Amino acid sequence: MAEFDVIIIGGGPGGYVCAIRCAQLGLKVACVEGRDSLGGTCLNIGCIPSKALLNATHQLHEVHENFEKMGLMGAAPRVDWARMQAYKDDVIAGNTKGIEFLFKKNKVTWLKGWATIPAAGQVQVGDDTHSAKNIVIATGSEPSTLPGVTVDEGTIVTSTGALALPKIPKSMVVIGAGVIGLEMGSVYTRLGTQVTVVEYLDTITPGMDAEVAKAFQKILTKQGLKFILGAAVQGAEAGKKGAKVSYKLRKDDSAHELEADVVLVATGRKPYTAGLGLEGLGVAMLPRGQIKTDGHFATNIKGLYAIGDAIIGPMLAHKAEDEGMAMAEILGGKHGHVNYGVIPGVVYTTPEVASVGATEEQLKEEGRAYKVGKFSFMGNGRAKAVFQADGFVKILADKATDRILGAHIIGPMAGDLIHEVCVAMEFGASAQDLALTCHAHPTYSEAVREAALACGDGAIHA
Ligand code: NAI
């Protein structure tokens, strides 16, 4: 008799959600987590702490930029970095303790320690070997650096070190204009750091709708971030004071150097599967280090599954959560399913940037006939009242059927607004369906409706 129905390895958003849902479906479940707290990268050193720092520094930015405009006068607050860090740590603790509570409530056993899989159906944690009918690997990912760049988490840091620098640096070079680079770059720019972002490609945020990416770069530049695009970083070296970054411009192969107090390497993440014993088990892997799975998260080993950042697909907490739920349903005898066509992506800068579905570039590449409905936040009274009228909503719909194919928003609360379109897309809605839905006034969401109207007879406030 197996001790557990399911053992999940990893207590991040993929693993803990899977564990809770398995328990809710009546399975006897354990989750192995070696960190002192649950929640994985997301809650401990990723999404949640970065949002705390983004919030604190956004408030600071508001004080400097907009308070006087609203008649709020007086001395601007001084930054106490240690207290800001303590606030961030409190936010982390509140969230990770919450997961611990949910484990207790749902009777999920937390096996504390690092797991290995000595044989199919067995999980070893420390000196104990546990047996399970099914094992789910949800071990997530870790930062991947570049050749010639040695991370010390002091001067040359990944997102982990960038969240907990001992002091606010005067200057920072960010390698990579992806989500991490721009979110952390925004945090430090607002704290007074001179941030220079060096990016290999000719645009920021690769994969984002090009029109949105262009507008985003313009806004971030206005906020003080400096961009060097088309630049391949060759290496970074830490010295006694700060570090040197060398890069080559791709257009003419010319070599350049930059110096900064801190260098943040934000060039992507890679699956974290080391130490599990997958090689010994003969688990099939993909060339880029992900565990190979079928459409139901099954590996080539019977009873062994994998979800989240450890498998193929966007490395996003909510993608992992959805896979965790679907996995649990499959193990519980139901029909778990993830719609990979409707997974939103959000960058939590100010303004926020959010997208779902196809970009205009993808539709062009596929040769699809589409129409574009666009609406600027300049025509949205609520956005204007809070000085956030920079940005727009763009809806892409099928030219013949009007079915929504994608949406891209840069503007206030974009990360929340996008979900109206996600729900619409799940229901196979047309742009007209959104346009005919009454939206409360005055809300930012009216901009989404106006963009949908622009797919038809036209927006009203444009
Ligand atoms: P990323 O893949 O988003 O961006 C990496 C950037 O580095 C790319 O633009 C790439 O062209 C550039 N790059 C690569 N090699 C380079 C070189 N030699 N020189 C200059 N530039 C180079 O990776 P990032 O930002 O590190 O994020 C990692 C993962 O974490 C992503 O999958 C991201 O989606 C996820 N994440 C999501 C967040 C969110 O949803 N808000 C927040 C933070 C991370």
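The values are calculated or read from the model by the stated rules, or taken from the named source; none is laboratory data. What you see is a predicted model; the values in this text were computed from it and never measured. Note: ideal-geometry Cβ built from the backbone for every residue, glycine included; neighbour counts use all protein chains shown. In case anyone asks, the SASA skips ligands and DNA or RNA and just uses the protein heavy atoms, side chains included. Shrake-Rupley method; radii C 1.70, N 1.55, O 1.52, S 1.80 Å.
Miscellaneous remarks
- Just one residue in the set 270, 302 is open to solvent by 10 Å² or more (accessible area, probe 1.4 Å), in a strand (DSSP E or B) and touching a residue at least 12 places away in the same chain (Cβ under 8 Å); that residue is 270.
- Residue in region 318-327 that is nearest to the ligand (Cβ to nearest atom), counting only those that are closer than 11 Å to residue 16 by Cα and small (Gly, Ala, Ser): 320
- Residues located in region 395-427, provided they are in a strand (DSSP E or B) and farther than 25 Å from residue 58 by Cα: 395, 396, 397, 398, 403, 404, 405, 406, 407
- Residue list for region 328-340, filter: away from the ligand (no atom under 16 Å from the Cβ) and out of contact with any Gly (no Cβ under 6 Å at 6 or more places or on another chain): 328, 331, 332, 333, 334, 335, 336, 337, 338, 339
- Taken together, the residues in region 184-207 that are more than 6 Å from the ligand (Cβ to nearest atom) and open to solvent by less than 40 Å² (accessible area, probe 1.4 Å) amount to 14.
- Subset of region 236-245 (residues that are part of a strand (DSSP E or B) and either away from the ligand (no atom under 14 Å from the Cβ) or exposed (fewer than 15 other Cβ atoms within 10 Å of the Cβ) (or both)): 237, 238, 243, 244
- Among residues of region 312-350, those that are among the small types (Gly, Ala, Ser), crowded, with 21+ Cβ neighbours inside 10 Å and touching a Leu at 6+ places or on another chain (Cβ under 7 Å), counted: 1
- Test: residue in region 112-124 that is open to solvent by less than 30 Å² (accessible area, probe 1.4 Å) and at positive phi: yes
- Matching entry among 332, 367 (being over 19 Å from residue 138 (Cβ atoms), more than 21 Å from the chain's Cα centre (by Cα) and not acidic (Asp, Glu)): 367
- The residue pairs whose first member lies in region 360-373 and is hydroxyl-bearing (Ser, Thr, Tyr), whose second member is crowded, with 16+ Cβ neighbours inside 10 Å, and whose beta carbons are closer than 7 Å, counting only pairs six or more residues apart or on different chains, are 370/363; 370/396; 370/397; 370/398; 370/405.
- Residue pairs meeting the criteria (Cβ under 9 Å; at least 6 apart or on separate chains; first closer than 17 Å to residue 294 by Cα, in region 327-346; second assigned to a loop (DSSP other than H, G, I, E, B) and within 15 Å of the ligand (Cβ to nearest atom)): 338/313; 340/313; 340/314
- Within region 351-386, being open to solvent by 30 Å² or more (accessible area, probe 1.4 Å) and assigned to a loop (DSSP other than H, G, I, E, B) holds for 367, 368, 369, 386.
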